[in-house]
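Right, one structure below, let's go through it.
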Amino acid sequence: MLERYFTAASTYAHSIDHLFILIAVIVGFWLIAAETMMFVLVFKFRAKDGRPTQYITGEEKHLKRWISIPHFLVILCDIVIIIAAITVWYNIKQVMPPADATVRVIGQQWAWSFQQPGPDGVLDTADDIRTVGELHVVVNTTYHFELMSRDVVHSFAIPAFRLKQDALPGRTISGWFRPNRVGTYDIQCTQMCGLGHALMAGRIIVETPQDHAAWLIRNSSPAVAEQQAIPASSADGLVTMAEVRQ
Ligand SMILES: [Cu+2]
């Protein structure tokens, strides 16, 4: 079950994982250091017969150092985390690499629906393919998505891609992903969007160009399919996108 959270199937999945590991290691180090220190002091200076209680104001220089030095080091660690986080955010959310294809993703209570170009490769034309709960994409292809919502706030999430983006009614939000591993991965809604929220799942199928071309033809309108039909003998999976688009 946890497998889907560890699978990395997009080009930026690893940079997000590395950021999480960096934060976990830095924060984990300080957690262990602070807790260890606390228990050592509690144990060492516990009440003992014949030992007078010390009154410490916290103003003593040699004691103040126990606060100021770790404080300074923690701020230094914060700066490291902030720089790493901004770099990852900038590369994934602020910069859009040129798109090989664009898909439209629409959230509504309680399903994801998708609109993607048909064999002509252009969105909003007669041969567009519309699907519900299932998005077919080609491996090693940069996709831009236009994310919309028909009703309330949803969040489009593909854990295997480390992709998560809120969908707001009345707005079209752009983003991108580049799948780099063939397979079928979960799509989830990660904003509580009503009674059927938990049922708002889908899947993304990352396939080879050949499989995708065959899928395109199977799912195009009958007229387009006939035009682009592959003879049964050559339907051995050797059709390229370029051939399909001709
Ligand atoms: Cu939702």
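Descriptive notes on the structure:
- Among the residues of the stretch 151-170, just one is open to solvent by 20 Å² or more (accessible area, probe 1.4 Å), closer than 15 Å to residue 135 by Cβ and part of a strand (DSSP E or B), namely 165.
- Exclusive hit being under 25 Å from residue 14 (Cβ atoms) and open to solvent by less than 30 Å² (accessible area, probe 1.4 Å), set 106, 173, 129: 173
- Positions within the stretch 109-126 being touching a residue at least 40 places away in the same chain (Cβ under 8 Å), open to solvent by less than 20 Å² (accessible area, probe 1.4 Å) and more than 16 Å from the ligand (Cβ to nearest atom), in sequence order: 118, 119
- Some residue of the stretch 193-204 being at pLDDT 90 or above, open to solvent by less than 20 Å² (accessible area, probe 1.4 Å) and more than 14 Å from the ligand (Cβ to nearest atom): yes
- Single residue of 87, 142 found to be polar (S, T, N, Q) and closer than 23 Å to residue 207 by Cα: 142
- When the test is whether a residue is more than 16 Å from the ligand (Cβ to nearest atom) and over 20 Å from residue 179 (Cβ atoms), residue 151 does not pass it.
- Yes/no for residue 87 being surrounded by 10 or more Cβ atoms within 10 Å (Cβ to Cβ), of a type in the set (S, T, N, Q) and over 19 Å from residue 31 (Cα atoms): yes
The values are calculated or read from the model by the stated rules, or taken from the named source; none is laboratory data. Small disclaimer: the values here were computed from a predicted structure and weren't measured. Methodologically, a virtual Cβ is constructed for each residue, glycine included, from the backbone with ideal geometry; neighbour enumeration extends over all protein chains shown. What goes into the accessible areas is simple: the full protein's heavy atoms, side chains included, and nothing from ligands, DNA or RNA. Shrake-Rupley method; radii C 1.70, N 1.55, O 1.52, S 1.80 Å.
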